[in-house]
Each structure stands twice: as structure tokens, then as C-alpha cells.
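One structure is given here, and the rest of the page talks about it.
The values are calculated or read from the model by the stated rules, or taken from the named source; none is laboratory data. Everything quoted here is computed from the prediction, not taken from an experiment. Here the Cβ positions follow ideal geometry from the backbone for every residue, glycine too, while neighbour counts run over all protein chains shown. For the accessible areas, the whole protein counts, side chains as well, though only heavy atoms, and no ligand, DNA or RNA atoms are used. Shrake-Rupley method; radii C 1.70, N 1.55, O 1.52, S 1.80 Å.
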Amino acid sequence: MATDSKQRPVYVISVAAELVDMHPQTLRLYERKGLIRPGRSSGKTRLYSERDIEHLREIRRLTQELGVNLAGVEEVMRLQHELDDLQGEFEAEIERLEDELRERATPPQPLPAPDGKLDPKDRPVYVISIAAELVDMHPQTLRLYERKQLIRPGRSSGKTRLYSERDIEHLREIRRLTQELGVNLAGVEEIMRLRHKLEAARAQMEGNVQRLQQDISDRMTSWRTLPAPKRPVGPEGKNPKDGERGG
């Protein structure tokens, strides 16, 4: 699997540092901060994967190009690791379900369509004045965050902004990042982009797994209701084995 090859630890620290144009001591610092998670050989030597190299390049982009402070980078990489772990869980679950289907030795059937139900947390209910009051921000700040695509409020039929519980959570997270951690707006944009991506991936994973589980359940129900196979009949309407027993 492609994802497995990307996670295979292959580079010693000196090679990894050269690949990302950093000092090996910097890589050790990032590991202590939990920003990267290199593997270990049997002799406890650090070994970095292609995924670790990607993460180190992303850290360099955040710090050098966007000026994100270390607290902001920690938030970004925490979300990135969650995405990586979720992808691994998703692939493992899909593989398990596919194995279960293969064991039944039946031809694959198309999956049912999603039911399209909306998570209650995503239901737009708050007008901008109420949303601003709930998060202790000015309505103009909420409009700015929307232009930056940090939040994505819905719209009523009359085009009035309506905020969901999920939007309120995101606004509180933005306030924490900016006020408590001192993350700049570029860093907040990266963090919220990953939060949106993580939430979408988690919802997609849950939906796909549920549909596969339902598909398996439906097939098992149909197998239980299948009629028993008919025994072969000879030319005179007798089972061929009946004559053998009589002789």
C-alpha cells in the first residue's frame, strides 16, 4: 500500500537533516516537541520516513515562509498527525471489511448512497450578533474570519449569515490560538484548514464504514433467506445415489 511505504522508516538523522536542509539538532528538538515521530531501529537509532520528511518540510514552510511561531506549528502538526492516524485507521477498517466480504466469496455489489443526514452540530441557527456575543468577538471580526475562510457560516433563504455550533467551536479555537498562544493569522489559517480537513475526513470515514457494515449486514440477511440447493435428479426422477444404496 502506498501509505505504508511512505511511513516506512528508512533515513538516519544525518540523511533526513540533509534532505530538509536542517541541522540534526533541530530534528531532535522537533521530536521532543512532538512535531515529528521518527521510528527506531532495533539498535534504537532514529529512522525517518517519507512522511516525516514531508512533515519537516511543512514545519520549515510554516516557520520560514509564514512566520508561524512554535505554538502554532505544534497545533498544525498535532492536527496533521491526527489526519495521518485517521487515514491509517480508515485503511485498516476498509481492509478488514473487504477481507470479510472476500471470505463470503460473493461478487461485490455497489454501496448504498449516503443517507444525507446533517449532523446537529452543523445546523445553522445563530445570527451574527448572537454568534459574536457567544464567542465574545465583534461581528466585524467574524466577517473577517469568514473572508479568510477560517469559518464557513451558512445562509438563510434571505442570505442572512447563520452560524452553527461547529462554527462557534471554531471561533473559540481561533480565539485560543490568537490570544492564548500568540499564533499569527497565517498560522491560524493553516490550523483551521487542517481542522476542516480532519472533520471532513472523519465524517467520510464514518459514513463509508457504516455503509460497508450495512452492506455486509444486508448480504448476510439475503444469504440466510436463500432456498436450499436442490439435489441432482437422475433420468427417471430418482437421485443417482438412491440406486447405489439399493444395489
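Summary of computed values
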quantity: Members of the stretch 158-187 found to be farther than 18 Å from ARG123 by Cα and touching a Ser or Thr at 6+ places or on another chain (Cβ under 6 Å), listed by number; calculated: none
quantity: SER156 being at pLDDT below 90 and in contact with a strand residue (DSSP E or B) (Cβ under 6 Å, 6 or more places away or on another chain); calculated: yes
quantity: Residue that is over 30 Å from MET22 (Cα atoms), at pLDDT below 75 and among the charged types (D, E, K, R), where the choices are GLU93, GLU89, GLU146; calculated: GLU93
quantity: Scan of the stretch 144-164 for residues that are over 28 Å from the mean Cα position of the chain (by Cα) and in a helix (DSSP H, G or I), ordered by number; calculated: none
quantity: Segments classed as helices (runs of 4 or more DSSP H), wholly inside the stretch 1-82, with at least 1 members that are open to solvent by 40 Å² or more (accessible area, probe 1.4 Å), under 27 Å from ARG193 (Cα atoms) and without any contact (Cβ under 8 Å) to a residue 24 or more places away in the chain; calculated: 2-6, 24-32, 50-60
quantity: Residue match in the stretch 37-56 (condition: under 30 Å from THR178 (Cα atoms) and basic (Lys, Arg)); calculated: yes
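A quick yes/no check of all residues on (1) more than 22 Å from the chain's Cα centre (by Cα); (2) of a type in the set (A, V, I, L, M, F, W, C); (3) farther than 30 Å from GLU206 by Cα:
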site: THR26; (1), (2), (3): yes, no, yes
site: SER41; (1), (2), (3): yes, no, yes
site: ILE53; (1), (2), (3): no, yes, no
site: GLU65; (1), (2), (3): yes, no, yes
site: ALA71; (1), (2), (3): yes, yes, yes
site: LEU79; (1), (2), (3): no, yes, no
site: GLU95; (1), (2), (3): no, no, no
